1. Filter segment 44-80 for residues that are within 30 Å of LEU113 (Cβ to Cβ) and basic (Lys, Arg); which is surrounded by the fewest Cβ atoms within 10 Å (Cβ to Cβ)?
2. Could you go through segment 161-168 and let me know if any residue there is at pLDDT 95 or above, within 17 Å of VAL221 (Cβ to Cβ), open to solvent by less than 40 Å² (accessible area, probe 1.4 Å) and not charged (D, E, K, R).
3. If only one of GLY225, GLY207 is on the phi > 0 side of the Ramachandran plot and modelled with pLDDT of 85 or more, which one is it?
4. When you go through (1) open to solvent by 30 Å² or more (accessible area, probe 1.4 Å); (2) modelled with pLDDT of 85 or more one by one for GLN17, which number turns out not to apply?
Amino acid sequence: QEVEERKRTEHELRAAQEELVQAGKLAALGEMATAIAHELNQPIAAAKTYIASCQLMLKRNKLDDLAPTLDKVSDLGDRMAKVTGSLKSFARRSSDKNLEFDLRQAIKEAVSLMKHQFHVEDCDLKLSMPGQPILIMGDRMRLEQVLINLFRNALDALHETDGPQINVKLSMDNDQAMIKVWDNGPGVPEEIGNKIFEPFVTTKKEGIGVGLGLSISYKIVKDMGGHFRVTNRTPSGAEFSVQIPLSNKQQEG
């Protein structure tokens, strides 16, 4: 009976964690809404202009000019489809599949989703990655959520910083992949320290966050056999380090 009770409790805990992960994703999408609208509004406006040009060409019987203009409209459609496709992938429930993937692609996708938020906040993003694949095992969607949480937290911390900057560096250290994300903001208050990974602990102003993003991220990294740390840099800024074991294929290579 105790074994059955323990199994049922573990199942309920896993289900609760999955709900928290999903809630975190939807909260991230909500905060990115302005940037997403900006990303879609530009190609929509450009497409309307091109369509008006096509109508004018038809009236003037300039049919030779139609094809290249329609190609541009098609390219804009592909661009919008890529945005919505990325959002759908990010929002859907994780599959819990333990698959091998290239960390570089996960970082690129997370940066792509946040691209216009960096632009809106006038934040300079510096990205450093090796030329060869960095392969790990896990759920790529969840790892992308960890990165987006780190980017969002850094942007929130930089609101009152002149010349805001976020740095992302991916590297390998023996059999480990290392992702470092740091900013030039005020850093993590000393009284919070490593408690920042606990649920409902937040450095954000009241009403901005509830303090679940980093605790969810911590659990995701831990489930992948990794480590998650935070330190303050000199002279200023916080640095988050995510360390995850390389896949067997990468280690053997």
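1. LYS48
2. Within segment 161-168, one or more residues are at pLDDT 95 or above, within 17 Å of VAL221 (Cβ to Cβ), open to solvent by less than 40 Å² (accessible area, probe 1.4 Å) and not charged (D, E, K, R).
3. Numbers: GLY207 fails: modelled with pLDDT of 85 or more.
Every option except GLY225 fails the conditions.
4. Only one criterion in (1) open to solvent by 30 Å² or more (accessible area, probe 1.4 Å); (2) modelled with pLDDT of 85 or more is unmet by GLN17, namely (2).
The values are calculated or read from the model by the stated rules, or taken from the named source; none is laboratory data. What you are looking at is a predicted structure, and each value in this text was computed from that prediction instead of being measured. Using ideal geometry, Cβ is built from the backbone for each residue, glycine included, and neighbour counts are taken over all protein chains shown. We work out accessible area using only protein heavy atoms, side chains counted, and drop any ligands, DNA or RNA first. Shrake-Rupley method; radii C 1.70, N 1.55, O 1.52, S 1.80 Å.
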